[in-house]
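**Q** I have a structure here, written as structure tokens, and I will follow up with some questions on it.
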Amino acid sequence: DAIPSADQIRITTSLKSQRGSVWTKNKSMFEYWEIEVTFRVTGRGRIGADGLAIWFTEEQGLEGPVFGAADEWNGVGVFFDSFDNDGKKNNPGVIVVGNNGKLSYDHQNDGSTQALAYCQRDFRNKPYPVRAKITYYQKTLTVLINNGFTPDKEDYEFCAKVEDMVLPSQGYFGISAATGGLADDHDVLSFLTFQLTEPGKEVPTPDAEIPQKDKEKYQEEFEHFQQELDKKKEEFQKEHPDVQGQPGKLFEQFFNSDDLFETVSDRELRQIFEGQNRIHLEIKQLNRQLDMILDEQRRYVSAVTDEIAKRGAGVPDQQGQISQQEIDAVVKTQEEVLRQVNEMRSSMADTLRLVSGAQHPGSAAGVYETTQHFNDIKEHLHVVKRDIEHLVQRNMPSNEKSKCPDLPPFPSCLSTVHFFIFVAVQTVLFIGYIMYRSQQEAAAKKFF
């Protein structure tokens, strides 16, 4: 069911029970290799099926039940599984499954009983094509994924790694896809293969791998296929003059004829993606602005250091006082920067909560990424503040770093003799007062 075109291959269309695959015609002679695959998986529903698979097998794959390819293969398959068969809510995900040609794939459990490595990634309905980089070097298979949120082609994230993996020395590369009760469009935009060699080993020439006769034969086949495709295009344009000169109308007419207007779910999905992209760009802009602030702070610290050194050389007695004033100003500036960063962080967090409230749970990676950005920014500011404090301690003289100023001597205002005389006078006055009060009370009692 695969449909080739000039710029991509639609492995399966968004129709039920479709299977398609593309395979290399010649065996790969690479001992170690790396492949980069660019693809799109798009569908109307919140859930898609079944998924897409990237293969390296000893024999060329045929049509079968494992994502459109044959079961019991000898090699490795990297499965981009869209549908959650086992109900564990861990799909869409990327699964690495090896086989020696004798095992049957466990569909009911999404291959979890046979998986050598796994990572959960949502690769459906992304604004940019999803990219997968699979490397096999010295018996280690590594899978890196570009989630398709940004146009950056090198924005890969680690997904899975399998060590001590033995693959056939020669084999075929392929890519396949399948649909079930639910359906997605599985489009492959590119499939690049690279040979990896150990340092110091001689790299074989490309001409030694494919004979010239085979090259000429494949070129003739390609030209013949291109001519057939052009003829079919001309016949279709004659039969349908209303879509003449509009590429892509063939697929829209047969597969998307009822999708004349944007549905509510499509519009919400598009708005979510556009909001995520704007947030990502705003975070990058914020990072650049904070980097500029940090650069200005570093220049200011260096200027303060030079000024402290100059003044300290001319007026040693005032060095500690001047440096303290300068550092107080720097610390206040840093506190103001931290306050502004916290305000921006809370504002961005509120925006992310609003966006994440309307999207599916797979977008939690965006919130985590934003939080991580702000944590990194705050950590950088703390590092700058700590460096300034260290600078203050380093510029102060060694005899003043840990010694506080001595207190002045407490003045002595009263001698011992004067103290005792004062006490005696106070005692006499107190006794006299008591006697006077007693006489007054006794005189008052005579009237009662």
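The values are calculated or read from the model by the stated rules, or taken from the named source; none is laboratory data. Quick caveat, the model's predicted, so the values are computed rather than measured. No Cβ is skipped: glycine too gets one built from the backbone with ideal geometry, and neighbour counts run over all protein chains shown. Heavy atoms of the whole protein, side chains included, go into the accessibility calculation; ligands, DNA and RNA do not. Shrake-Rupley method; radii C 1.70, N 1.55, O 1.52, S 1.80 Å.
**Q** Can you give the accessible area per residue of the stretch 261-301, in Å², using a 1.4 Å probe? Don't skip to the answer; put the middle values down first.
**A** Details: 2850 Å² over 41 residues.
Solvent-accessible surface per residue comes out at 70 Å².
**Q** OK, next. Among residues other than K139 whose Cβ falls under 11 Å from its Cβ, what is the net charge (Lys/Arg +1, Asp/Glu -1)? Could the numbers behind the result be given before it?
**A** Details: positive: none; negative: E31, E163, D164.
Neighbour charge sum, excluding K139 itself: -3.
**Q** Moving on. Summarise the accessible area of the stretch 46-138 (1.4 Å probe, protein heavy atoms) by the percent that is carbon and sulfur.
**A** The computed percentage sits at 45.
**Q** Near K385, which aspartates and glutamates are there with a Cα under 14 Å away, not counting those fewer than 8 places off in the same chain?
**A** Answer for K385, where 14 Å is the Cα cut-off: D295, E296, E326, D328, E335, E336, listed by chain and number.
**Q** Sticking with this structure for a sec: So if I take the centroid of the Cα atoms in the stretch 133-177 and the same for the stretch 218-241, what is the distance between those two points in Å?
**A** Taking the Cα centre of the stretch 218-241 as reference, the centre of the stretch 133-177 is 35 Å away.
**Q** I would also like to ask the following. Quick one: ranking R10, R40 by accessible area, 1.4 Å probe, largest first, what do you get? Don't skip to the end; give the middle numbers.
**A** Details: R10 35, R40 75 Å².
Descending accessible area places them as R40, R10.
**Q** For the stretch 3-199, rounded, prolate or oblate, judged on the Cα gyration tensor with a ≥ b ≥ c (square roots of eigenvalues), a/c < 1.5 rounded, else prolate if a/b > b/c?
**A** Details: a/c = 1.36, a/b = 1.23, b/c = 1.11.
Rounded is the answer for the stretch 3-199, as its axis ratio a/c remains below 1.5.
**Q** Could I ask something else about it? Carbon-plus-sulfur fraction of the accessible area of the stretch 261-301, 1.4 Å probe, in percent?
**A** Carbon and sulfur together cover 55 percent of it.
**Q** Suppose all protein chains stay in the model; what accessible area per residue would a 1.4 Å probe give for the stretch 3-199, in Å²? Please list the in-between numbers first.
**A** Working: 8800 Å² over 197 residues.
In whole numbers, the stretch 3-199 has 45 Å² accessible per residue.
**Q** Place a +1 charge on the Cβ of each Lys and Arg in the stretch 261-301 and a -1 charge on the Cβ of each Asp and Glu, then give the dipole magnitude about the Cα centre in debye, rounded to the nearest 20.
**A** Details: 7 positive and 8 negative charges, 43 e Å.
My answer is approximately 200 debye.
**Q** For the pairs K153/K284; K88/K161; K27/K232, flag any whose C-alpha to C-alpha distance is greater than 24 Å. Please report the intermediate quantities before stating the final value.
**A** Values: K153/K284 17 Å; K88/K161 22 Å; K27/K232 32 Å.
Long pairs (Cα-Cα over 24 Å): K27/K232.
**Q** Starting from the Cα gyration tensor of the stretch 127-183, take the square roots of the eigenvalues, sort them a ≥ b ≥ c, and report rounded, prolate or oblate (rounded when a/c is under 1.5, otherwise prolate if a/b is larger than b/c, else oblate).
**A** Details: a/c = 2.37, a/b = 1.29, b/c = 1.84.
Judged from the Cα gyration tensor, the stretch 127-183 comes out oblate (a/c at least 1.5, b/c at or above a/b).
**Q** Identify, among T13, C119, L103, the residue whose Cα sits farthest towards the positive end of the charge dipole of the stretch 3-199, taking +1 on the Cβ of Lys and Arg and -1 on the Cβ of Asp and Glu, with the dipole about the Cα centre.
**A** Projecting each Cα onto the dipole axis, the largest value belongs to T13.
**Q** Charges at C-beta only: +1 for Lys and Arg, -1 for Asp and Glu. How large is the resulting dipole of the stretch 1-95 about its Cα centre, in Debye rounded to 20?
**A** 560 debye
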